1. Which of (1) touching a residue at least 60 places away in the same chain (Cβ under 8 Å); (2) among the small types (G, A, S); (3) closer than 21 Å to S116 by Cα does S43 not meet, given it meets every other one?
2. Is it the case that region 297-309 has a residue that's of a type in the set (S, T, Y), in contact with a Leu (Cβ under 9 Å, 6 or more places away or on another chain) and in contact (Cβ under 8 Å) with a residue 60 or more places away in the chain?
3. State yes or no: is L324 of a type in the set (A, V, I, L, M), assigned to a helix (DSSP H, G or I) and within 21 Å of the chain's Cα centre (by Cα)?
4. Can you find, within region 321-346, the residue that is surrounded by the most Cβ atoms within 10 Å (Cβ to Cβ) among those that are small (G, A, S) and touching a Lys or Arg at 6+ places or on another chain (Cβ under 9 Å)?
5. What's the number of the condition S296 fails, among (1) hydroxyl-bearing (S, T, Y); (2) under 26 Å from E276 (Cα atoms); (3) buried (at least 24 other Cβ atoms within 10 Å of the Cβ)?
6. Out of (1) in contact with an Asp or Glu (Cβ under 7 Å, 6 or more places away or on another chain); (2) more than 28 Å from A301 (Cβ to Cβ), what's the single condition that is false for A124?
7. Within region 49-86, can you find the residues that are over 22 Å from the mean Cα position of the chain (by Cα) and under 30 Å from K158 (Cβ atoms)?
8. If E179 passes every condition in (1) within 28 Å of V251 (Cβ to Cβ); (2) surrounded by 16 or more Cβ atoms within 10 Å (Cβ to Cβ); (3) at pLDDT 95 or above but one, which one does it miss?
Amino acid sequence: MSQTFDLMAALADIDPASELAQARAERHAATQHTQGSYDVLFSQDDEDLPLAERFALAAQVAAWHGASSLEAHYRQPDQPNNARFAAGLAFAELLSLHPVDAAPQHIETLQTAGWSPRGIVTLAQLIAFVSFQSRLLAGLRLLNGEETASQPHAVAGKWHDAPLTVSGKTALTAFTQQELGWEPWLAAKPLQEFSAEEQATLAKFGHSDSDYFRLLGRNQPLLEQRTLTDKGIFYTAGGLSRAERELAATVVSKVNGCIYCASVHARKASQLSKDEPAVQKLLNVAPGAELSHGQSARWAAQIDLVATLSITPAATSLKQLHALRDQGFSTLELLDLIQSAAFFAWANRLMLTLGEPFLPEHTQG
């Protein structure tokens, strides 16, 4: 496959001379590593997750997310048919439609069906990546002027309510800006089991001491592309303010019920916006209630678009886009908003289905 191929541009039918194409070129790192993540996922062909199974799973995930052109891209004539694949497909349905309902027994079911730890990580990454792709594609089509199905306001999703984690630590039952811990349900790969080169890559990104990233490091080429995609979306100059990119991450986490991701990104949004009360108001929204209620016109317009892009299947409208244009948003700012939202369809699904947050002992009492 040519390195210059850009699947998202092809599926969204982006005119190379358009403002949108120029904005994506300005966000070169995000564009490059979104494609790079795809290239890694669909070039690896190993017994942990054979290529034929990857395409079959991706096609079904795209269908659940309402991304028909993406589904057509992945659809192959021959579908795998075995108990191991069936277990992977059931896991894909859970992660796609109800990630907050994931629990350790779902990982155990995969292991019983013959999935290796690396295979489970690759499977989760694939499902979450296609969830990201589907929302990015919906957002790019919207920026191209295409109307999609819409609902007026997306609402906060449900979240976990168990008082303790599986290991007996204090669990979180409400959204917070406190610093939280996160424990995996599948063992993270010990640092000493990585090669020297792999350890250097982990260290470069600050991942060496993180259970989460050493777990994802079971497929390190994919983790590296994902990390570079993240940095290309959230840490680039110009365009949408960093505070509002963090706001988008927080909104998606409210829709999906991901308390851990919300804690990290709400805290960043508060620090950068200097508007902690507005961020806390968003965190306090109860399940089933409107996320944009009581926010400023600028934040409300962003919250509405991000939240509807985050439901399954994604539902956004030109009316929402026009509301943002009326607030003075440029095409680059809108691209930043959409990419930030889409990325957290990926991030939330990994955090929610491979482990759970806990309240560190030093923060209690």
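The values are calculated or read from the model by the stated rules, or taken from the named source; none is laboratory data. Keep in mind that what you see is a predicted model, and the values were worked out from it rather than measured. Methodologically, a virtual Cβ is constructed for each residue, glycine included, from the backbone with ideal geometry; neighbour enumeration extends over all protein chains shown.
1. The one condition S43 does not meet is (1).
2. Looking through region 297-309, none of the residues is of a type in the set (S, T, Y), in contact with a Leu (Cβ under 9 Å, 6 or more places away or on another chain) and in contact (Cβ under 8 Å) with a residue 60 or more places away in the chain.
3. no
4. Among them, the one singled out is A341.
5. (3)
6. (1)
7. Answer for region 49-86, where residues must be over 22 Å from the mean Cα position of the chain (by Cα) and under 30 Å from K158 (Cβ atoms): F85, A86.
8. It fails just one condition, (2).
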